[in-house]
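First comes the structure, then the notes that go with it.
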Amino acid sequence: MISIKDRRQSVTLLHVIMFFLLLVTGGCKVNYSFTGGDTGDAKTINIKYFQNNATIVVPTLSQQLTEALRDKFTSETSLVLVNQKSDLILEGSITGYQTQPVAISGNDQAQLNRLTITVDVTYTNTLEEDKSFQSKFSRYSDYSSDKSLTSVEEELIAEINTMIVEDIFNKAVINW
C-alpha cells in the first residue's frame, strides 16, 4: 500500500520533472506543417500575378494559376499572403500552352491529343538565399481525339494547374 505521503512526494517529483522539461524545451523552436513543408522563419509570402506569355492565350489561365498557388501556400503553410515586401516571393509567367497529337492510328489519324502547359517560376527566399530558385515547370494531360479541345479544355486546365502548383510547392517548401 502506498501512503498518502509517498503519493504526494511522487506527484511533487512529477511536477518538478514536467516543469524542468518545459523550461528546457521552452527555448526550442520547431517548424512543422501537415504537408511536411518547411518555411523556416518565414512569416509572409508575396505571390505575384502570373502573366500569360504563351503563343496561345487562354484568358482565364493566369488568374486560375495565380489563385491556385495562393490557395496552396496559404492553406498548407502558416504563411500570410501580402502584396508588399515579404520573406518569400513567388513570381513567373506562363510560357507555353500547346496541344498536339500523341497517338496516331494506322490511317494517320490522331487517337489521342495532349495539352501541355509550361510555367517559368522564380522563387526568392529573402531569409535563406540558398533556397531560392529559377525553374521551368511543365505538365500535360491527354484527351481523346473524338473530343474537341474546347469541350475538355476547362477540365484539362484544372488538372494541369493542380499538378504544376504541387510541383512548385514541393520545390519551394518541401525542398525537392
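The values are calculated or read from the model by the stated rules, or taken from the named source; none is laboratory data. This structure is a prediction, so every number in the text was calculated from the model and none was measured. Cβ atoms come from the backbone with ideal geometry, glycine included; neighbour counts cover every protein chain shown.
Tabulated results
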{"read-out": "Qualifying residue in region 148-157 (condition: over 20 Å from the mean Cα position of the chain (by Cα) and in a strand (DSSP E or B))", "value": "no"}
{"read-out": "Count of region 81-103 residues which are over 26 Å from residue 54 (Cα atoms) and either modelled with pLDDT under 95 or of a type in the set (D, E, K, R) (or both)", "value": "3"}
{"read-out": "Matching residues, region 29-49, being at pLDDT 70 or above and of a type in the set (Gly, Ala, Ser)", "value": "40, 42"}
{"read-out": "Out of 95, 126, sole residue that is surrounded by fewer than 16 Cβ atoms within 10 Å (Cβ to Cβ), of a type outside the set (Phe, Trp, Tyr), touching a residue at least 12 places away in the same chain (Cβ under 8 Å) and in contact with an Asp or Glu (Cβ under 7 Å, 6 or more places away or on another chain)", "value": "126"}
{"read-out": "Qualifying residue in region 132-144 (condition: crowded, with 18+ Cβ neighbours inside 10 Å, over 30 Å from residue 104 (Cα atoms) and under 15 Å from the mean Cα position of the chain (by Cα))", "value": "no"}
